[in-house]
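Below you'll find the structure, written out as structure tokens, and then a few comments.
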Amino acid sequence: MLVLGIESSCDETAAAIVSDKKEILSSVVLTQSEHKNFGGVVPEIAARAHLDHIDEIIEEAFIKAKINYSDIDAIAVAAGPGLIGGVTVGVMAGKALALALDKPFIAVNHLEGHALTARLNSDVSYPYLLLLTSGGHCQILIVKGVGNFERLGTTIDDAAGEAFDKVAKMLGLGYPGGPLIEKMAELGNENRFVLPKPLYNSPDCNLSFSGLKTAVRKIIESYSNDGSIEHAILPKQDIADICASFQKAATECLLHKLKKATQIFKQNNPDGKHIVVAGGVAANTYLRSKLEQLAKSENLIFAAPPIKFCTDNGVMIAWAGVERAQKGLFNELDFKPRPRWPLDETAPKAAGAGGVKA
């Protein structure tokens, strides 16, 4: 079985072809550069860029895979959550192909794409504990199967990746902020600045990063004569120390709540073996190393997608499409893109009950 995956939910226009034998025949990702001057993604610009490039990206995916359009068995598309303009571009492209080729259409939840990707490159079996962390989302979940998620905790304000981006912007590092902060942190002293860890002592598994971000802002403002962030002048070493201290605090917040979650996971899922991290922040090697240590201390196995598949890509959508297709989970062509789409609303429907058989 070969599935074409299309991703356009934010600022990556991507397409990939993946087989049910876990073979990646092709993966093409175009990261939009139009947003750098704005310090973040501008939805209207993103949608127009997707529209300009999606056809050529899909075409390149077939050329690299060395197959014809008729060779694929289904088309999977990130149908939400995300920026509705970009999501709509991808969904319409996928629907057009499905109609023209008479192939099944699969609407994939973007978050489920992230959640299942580790199963493509690692021997990860259900159930597993998942830290899903990106620029727009931060959740701790038990993944029990396709469309079967139990949420143990979530952020009550900023996502971790969003906090990384905003701190990087305050420091004048640029966008996207996550990789830039990680690079600067390598040069810094992570113990120089003592930063707060919001919700650290709460009994639940929920997270918060807004207060941490605000604490960093106050430190930066202290370098200004008038107390404004715009006039702050920081030596390079101080910037590195702030980055390292922020990265450490954010990681410790994630680790502490994930450790709480492991107790719930192990108690209710004695057959579970894995802790998995996914999403854009999963590309952070500092976080990955700390998670690997946590998994080992809890007698669990750490797994993560390759770093190049942590940020948005077509491979994760194609693989989620494979998993859904194997269960006969297809969608009608009248499926509407969803800017908001909680993972607990992705429960499978039997083919014939709102789905289209292959």
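The values are calculated or read from the model by the stated rules, or taken from the named source; none is laboratory data. Remember, it's a predicted structure, so these values are computed and weren't measured experimentally. All Cβ positions, even for glycine, are placed from backbone atoms using ideal geometry, and neighbour counts span all protein chains on display. Side chains included, ligands, DNA and RNA excluded: accessible areas come from the protein's heavy atoms. Shrake-Rupley method; radii C 1.70, N 1.55, O 1.52, S 1.80 Å.
Just to be sure I understand: with springs between alpha-carbon atoms less than 10 Å apart, which residue in Ala159, Ala249, Ala215 has the highest mean-square fluctuation in the Gaussian network model of the chain?
Ala215
Rounded, prolate or oblate for the stretch 181-271? Axes are the square roots of the Cα gyration tensor eigenvalues, ordered a ≥ b ≥ c, and the cut-off for rounded is a/c under 1.5.
The shape class here is prolate.
Taking a 1.4 Å probe, which of Lys21, Lys273 shows the most accessible area, and what order do the others take after it?
Of Lys21, Lys273, the descending order of accessible area is Lys21, Lys273.
Tally up the carbon and sulfur contribution to the accessible surface of the chain as a whole percent, 1.4 Å probe, everything protein left in place.
C and S fraction of accessible area: 51 percent.
In the structure displayed, which of Lys197/Lys260; Lys236/Lys308; Lys21/Lys327; Lys218/Lys259; Lys197/Lys290; Lys66/Lys103 lie more than 25 Å apart, Cα to Cα?
Lys236/Lys308; Lys218/Lys259
Give me the Kirkwood hydrodynamic radius of the stretch 235-312, using the inverse of the mean 1/r over all pairs of distinct Cα atoms, in Å to one decimal.
13.7 Å
Please give the charge dipole size of the stretch 247-323, origin at the Cα centre, charges +1 on K and R Cβ atoms and -1 on D and E Cβ atoms. Round to the nearest 20 debye.
So the magnitude is around 300 debye.
Counting only heavy atoms of protein chains, what accessible area per residue, in Å², does the chain have with a probe of 1.4 Å?
Result: 43 Å² per residue.
With N set to the residue count of the stretch 12-88, report its C-alpha Rg divided by 2.2 N^0.38 Å to two decimal places.
For the stretch 12-88, the normalised Cα radius of gyration comes out at 1.21.
Karplus couplings for the stretch 235-252 from phi (6.51 cos²θ - 1.76 cosθ + 1.60, θ = phi - 60°), rounded to Hz, Gly and Pro as x?
x, 4, 5, 5, 4, 5, 5, 5, 4, 5, 5, 5, 4, 5, 5, 5, 5, 5
In vacuo Debye scattering of the stretch 121-269, one point per C-alpha: log10 I(q)/I(0) at q = 0.11, 0.14, 0.15, 0.20 Å⁻¹?
-0.47, -0.70, -0.78, -1.16
Rg and Dmax of the stretch 79-161, Cα atoms, in Å?
Spelled out, the Cα radius of gyration and Dmax of the stretch 79-161 are 15.0, 43 Å.
Once you order the gyration tensor axes a ≥ b ≥ c over the Cα atoms, which shape class does the stretch 118-193 get: rounded for a/c under 1.5, otherwise prolate or oblate by comparing a/b with b/c?
Prolate.
In the stretch 238-277, what is the volume of the convex hull around the alpha carbon atoms, normalised per residue and reported in Å³?
51 Å³
Considering the Cα positions of the stretch 1-139, please state its Rg to one decimal place and its Dmax as a whole number of Å.
That works out to 15.1, 42 Å for Rg and Dmax.
Of the residues Gln267, Gln293, Gln32, which exhibits the maximal mean-square fluctuation in a Gaussian network model of the chain defined by a 10 Å Cα contact cut-off?
Gln267
Which cross-chain or sequence-distant (5 or more) residues have an amide H under 5 Å from the amide H of Gly80, H modelled 1.01 Å from N in plane?
Close amide H contacts, sequence-distant or interchain: His110, Arg338.
Could you work out how much longer the chain between Lys327 and Ile229 gets when fully extended? Use 0.36 nm per residue separation minus the Cα distance between them, nm to one decimal.
Working it through step by step, the gained length comes to 30.0 nm.
Quick check: with the 1.4 Å probe, what order do Met184, Met316 take by accessible area, largest first?
Met184, Met316
To check you understand DSSP bridge types, tell me what percent of the beta bridges within the chain (both residues inside) are antiparallel, rounded to 5.
Taking every DSSP beta bridge with both residues in the chain, the antiparallel ones total about 60 percent.
When the helix-only estimate is applied to the chain (DSSP H runs of n ≥ 4, each -39,500 (n - 2.57), divided by the residue count), what is the mean residue ellipticity at 222 nm, nearest 500 deg cm²/dmol?
After summing the helix terms and dividing by the residues of the chain, the value is -13000 deg cm²/dmol.
Can you work out ³J(HN,Hα) from phi for every residue in the stretch 82-98, in order, using Karplus 6.51 cos²θ - 1.76 cosθ + 1.60 and θ = phi - 60°, giving whole Hz and x for Gly and Pro?
The phi angles translate into x, 5, 4, x, x, 4, 4, 4, x, 5, 5, 5, x, 5, 4, 5, 4 Hz.
Tabulate in residue order the Karplus-calculated ³J(HN,Hα) for the stretch 6-19, using 6.51 cos²θ - 1.76 cosθ + 1.60 with θ = phi - 60°, rounded to whole Hz; enter x for Gly and Pro.
With coefficients 6.51, -1.76 and 1.60, one gets 10, 10, 8, 7, 9, 10, 10, 9, 9, 8, 8, 10, 10, 9 Hz.
In terms of the Cα gyration tensor, with a ≥ b ≥ c the square roots of its eigenvalues, is the stretch 291-331 rounded because a/c is under 1.5, prolate because a/b exceeds b/c, or oblate?
It comes out oblate by the Cα gyration axes.
Please list, in chain and number order, the residues 5+ apart from Leu25 or on another chain whose amide H is under 5 Å from its amide H, with Hs placed from the backbone.
Long-range HN contacts for Leu25: Ile17, Val18, Ser19.
Could you work out the Kirkwood radius for the chain, taking every pair of different alpha carbons, averaging 1/r and inverting it, reported in Å?
Evaluated on the chain, it is 20.9 Å.
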